[in-house]
Amino acid sequence: MAGIASVGECMLELSGQAGPNWRLGFAGDTFNTLWALHALSSDRPATYVSAFGDDPFSQGQIAFFAENGIGIGQSPVIAGARPGLYAITLTGAERAFTYWRADAAARQLASDPAALAKSLEDQALVYFSGITLAILDDAARKTLLAAVAKARAAGSLVAFDPNYRPRLWRNREDAQAAILEALAVTDIALPTFPDEQMLFGDTTPQATAERLGKLVGEVVVKNGEEAALIATNGAFQLVPAVHVATPVDTTGAGDSFNGGYLAARLAGHAPEAAAQRAHRVAAAVVQVRGALAPFETLRIAFAT
């Protein structure tokens, strides 16, 4: 079980606006994490599990993955479907997003339960997020969680970032219920404190860590430029972030933290050391435009 698999939606990304001109790339929370994971665990086969269209943009996505050593497993390619799209606008280094994703192919990633389960077979790590859950209808969500549970029972380590985005959910209660179901099949939880505060009313990162620590064996609470809080076996540990004086673009910082942390844990590093490496990776990412930093940039930060 050597591979790493990430499940979710990779979109077309418009970034780096210069007047009327934009740069087209590919990104999405679970893909951003897999990108960093793959860069830092290049000896492990990497699979992005989703659903794709058959239009030129979808073909370009799949080709981009392949050029960078990332496969798509048994992900369905759906005739007439197309990927979602988002644009990043920046105020200083802080980003805002505009989305066009209502009919994205990725919403059908669980349309073939057997293919989905096959894509998750024999993986050392399976990763997914609250956004993965949010783009699926109720039946597809249950199919996904069943496939994840099956992979976990077969020996895969499961990591999950709740990554709460209110606009993707019918209501707060649906999001709470789905995320709690996901946590029940999770070994490593990677929440972000402001998200948990918004969704569950947590007053402090400690409250988030204590709540999730009752459900999951290993919890890492991210909190932007503040320290990350690790909870394992009832013990708590703060790991300071790396300060970047003049960030360029904060897109993908939390996703790349997740990738760095999981790569370090797969390599045998203890949670504290893994969080230190993850902070360095995230600090490197906010110094480039767009969500995906060059592999070498990630590797240098991870090894420093």
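Taking residues in segment 184-203 that are under 22 Å from residue 232 (Cβ atoms), and partners anywhere that are of a type in the set (D, E, K, R) and outside any helix (DSSP H, G or I), the pairs with Cβ atoms closer than 6 Å and at least 6 places apart or on different chains are 188/218; 190/161; 192/222; 196/202. The selection criterion, being in contact with a Phe, Trp or Tyr (Cβ under 8 Å, 6 or more places away or on another chain) and of a type in the set (D, E, K, R), holds for residue 211. Just one of the listed residues (240, 205) is modelled with pLDDT of 95 or more and open to solvent by 70 Å² or more (accessible area, probe 1.4 Å), and it is 240.
For the residues 105, 115, 149, the requirement of being touching a helix residue (DSSP H, G or I) at 6+ places or on another chain (Cβ under 8 Å) and open to solvent by less than 70 Å² (accessible area, probe 1.4 Å) singles out 105.
Looking across segment 20-44, the residues that are among the small types (Gly, Ala, Ser) and outside any helix (DSSP H, G or I) come down to 25, 27, 28, 41, 42. Within this structure, residue 173 fails the test of being more than 18 Å from the chain's Cα centre (by Cα), surrounded by fewer than 19 Cβ atoms within 10 Å (Cβ to Cβ), acidic (Asp, Glu) and over 28 Å from residue 49 (Cα atoms). Would you say residue 24 is closer than 26 Å to residue 284 by Cβ, open to solvent by 70 Å² or more (accessible area, probe 1.4 Å) and among the aliphatic types (A, V, I, L, M)? Spelling it out, residue 24 is indeed closer than 26 Å to residue 284 by Cβ, open to solvent by 70 Å² or more (accessible area, probe 1.4 Å) and among the aliphatic types (A, V, I, L, M).
Filtering segment 211-259 to residues that are small (Gly, Ala, Ser) and outside any helix (DSSP H, G or I) leaves 217, 224, 227, 228, 231, 234, 235, 241, 245, 252.
Restricting 106, 140, 114 to residues that are at pLDDT 95 or above, in a helix (DSSP H, G or I) and touching a Cys at 6+ places or on another chain (Cβ under 8 Å) narrows the list to 106. Are any residues in segment 208-234 open to solvent by less than 50 Å² (accessible area, probe 1.4 Å) and either touching a residue at least 40 places away in the same chain (Cβ under 8 Å) or among the hydrophobic types (A, V, I, L, M, F, W, C) (or both), and if so, which ones? 209, 212, 216, 218, 219, 220, 221, 227, 228, 229, 230, 231, listed by residue number. Quickly run through segment 63-86 and pick out the residues that are within 18 Å of the chain's Cα centre (by Cα) and either among the aliphatic types (A, V, I, L, M) or assigned to a strand (DSSP E or B) (or both). Once the filter is applied, which keeps residues that are within 18 Å of the chain's Cα centre (by Cα) and either among the aliphatic types (A, V, I, L, M) or assigned to a strand (DSSP E or B) (or both), segment 63-86 yields 70, 71, 72, 85, 86. One residue alone among 187, 161 is acidic (Asp, Glu), open to solvent by less than 10 Å² (accessible area, probe 1.4 Å) and at pLDDT 95 or above, and that residue is 161.
Counting only residues that are out of contact with any helix residue (DSSP H, G or I) (no Cβ under 6 Å at 6 or more places or on another chain) and open to solvent by less than 80 Å² (accessible area, probe 1.4 Å), segment 77-102 holds 15 of them. When segment 277-304 is limited to residues that are over 10 Å from residue 256 (Cα atoms), β-branched (Val, Ile, Thr) and at pLDDT 95 or above, the one that is least open to solvent (accessible area, probe 1.4 Å) turns out to be 297.
The values are calculated or read from the model by the stated rules, or taken from the named source; none is laboratory data. From a predicted model like this one, the values you see are computed outputs, not experimental measurements. Ideal geometry is used to build each Cβ from the backbone, glycine not excepted, and the neighbour counts take in all protein chains shown. The protein model used for the area step is the full one, side chains on, heavy atoms only, and it has no ligands, DNA or RNA in it. Shrake-Rupley method; radii C 1.70, N 1.55, O 1.52, S 1.80 Å.
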